[in-house]
Every structure is written in structure tokens, then in C-alpha cells.
Amino acid sequence: MKGMGSLGNLMKQAQKMKAEMERLQAEAGAKTVEGSAGGGMVVVTANGRGDLVSVRIDPEVAKAEEIEMLQDLVVAAANDALGKAREVMSAEMNKLAGGLNIPGLF
């Protein structure tokens, strides 16, 4: 029966880790990061879950003849913000794992 106690402890640890992961994901989701492009002409804000929250565009770059450049700047700023959001989530998950390298966790 010794093995059953170990299995029970393992299950309790897994449940605790899951609850902690959910807490850290919620914390990361509450954090925001900004990505920018064009020297700040376009600024995109994302949360730690990787959701885009807002986009600010300098009116000077919103002219009709600049639309292609504006589109490129929005994509670049969004990618910058999403990259930072992934870093926030990764940092939170590293706290949970305590430096362990668990394949597929993050």
C-alpha cells in the first residue's frame, strides 16, 4: 500500500501546481505591456494572456497616402507587444516551475 500513498501525494502536488499555475496565469493576464513601431508612431498594448488591449496611432501617420506604412507599423507594434506578453507569461511560469525544465509546460 506504500505506492498508493505516494500516488496520493503526487496527485495532491499536481492539484496544488495546477491551482498555482491558474493563479499565475491570472496575475500575468492582469499585467500589460506595450509594443511600438515607427519611433512610437504606433503603440499597441497587450495583456499577459496575449490579448491585444489597445492601439494608439499618431494622426500624422494615419494619412491616406501612408496607409501601407501604417498597416506595417500596426503589425510590427502588435508583434512587439505580443512578444513581450509571451515573456511575461514565461516569467510567471518559470516562477511556478522553480527553474525546472518541464517539456510542454511553456
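Only one of the listed residues (VAL74, VAL88) is more than 17 Å from ALA14 (Cα to Cα) and either part of a loop (DSSP other than H, G, I, E, B) or modelled with pLDDT of 90 or more (or both). That residue is VAL74. A residue that is in a helix (DSSP H, G or I) and of a type in the set (Val, Ile, Thr) occurs nowhere in segment 32-49.
Scanning segment 1-58 for residues that are touching a residue at least 40 places away in the same chain (Cβ under 8 Å) and over 15 Å from the mean Cα position of the chain (by Cα) yields MET17, GLU20, SER36, ALA37.
One line per residue, one yes/no per condition, for (1) touching a Phe, Trp or Tyr at 6+ places or on another chain (Cβ under 7 Å); (2) modelled with pLDDT of 85 or more; (3) of a type in the set (Gly, Ala, Ser); (4) closer than 17 Å to ASP80 by Cα:
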{"site": "MET11", "(1), (2), (3), (4)": "no, yes, no, no"}
{"site": "MET21", "(1), (2), (3), (4)": "no, no, no, no"}
{"site": "THR32", "(1), (2), (3), (4)": "no, yes, no, yes"}
{"site": "VAL43", "(1), (2), (3), (4)": "no, yes, no, yes"}
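For the criterion of being among the β-branched types (Val, Ile, Thr) and loosely packed, with under 13 Cβ neighbours inside 10 Å, ILE57 fails. Does MET93 fit the bill of being of a type in the set (A, V, I, L, M, F, W, C), modelled with pLDDT under 80, surrounded by 15 or more Cβ atoms within 10 Å (Cβ to Cβ) and under 18 Å from ARG23 (Cα atoms)? Yes: the conditions hold for MET93. Taking the criterion of being exposed (fewer than 13 other Cβ atoms within 10 Å of the Cβ) and of a type outside the set (A, V, I, L, M, F, W, C), the residues of segment 28-50 that qualify are GLY39, GLY40. Among the residues of segment 1-56, the ones that are touching a Lys or Arg at 6+ places or on another chain (Cβ under 6 Å) and of a type in the set (A, V, I, L, M) come to 2 in all. Residue pairs whose Cβ atoms lie under 9 Å apart, sitting 6 or more positions apart in sequence or on different chains, and linking a residue in segment 63-76 that is more than 15 Å from LEU52 (Cβ to Cβ) to a partner that is modelled with pLDDT under 85 and outside any helix (DSSP H, G or I), are LEU70/LYS63.
The values are calculated or read from the model by the stated rules, or taken from the named source; none is laboratory data. This structure is a prediction, so every number in the text was calculated from the model and none was measured. So basically every Cβ, Gly included, is an ideal-geometry build from the backbone, and we count neighbours across all protein chains shown.
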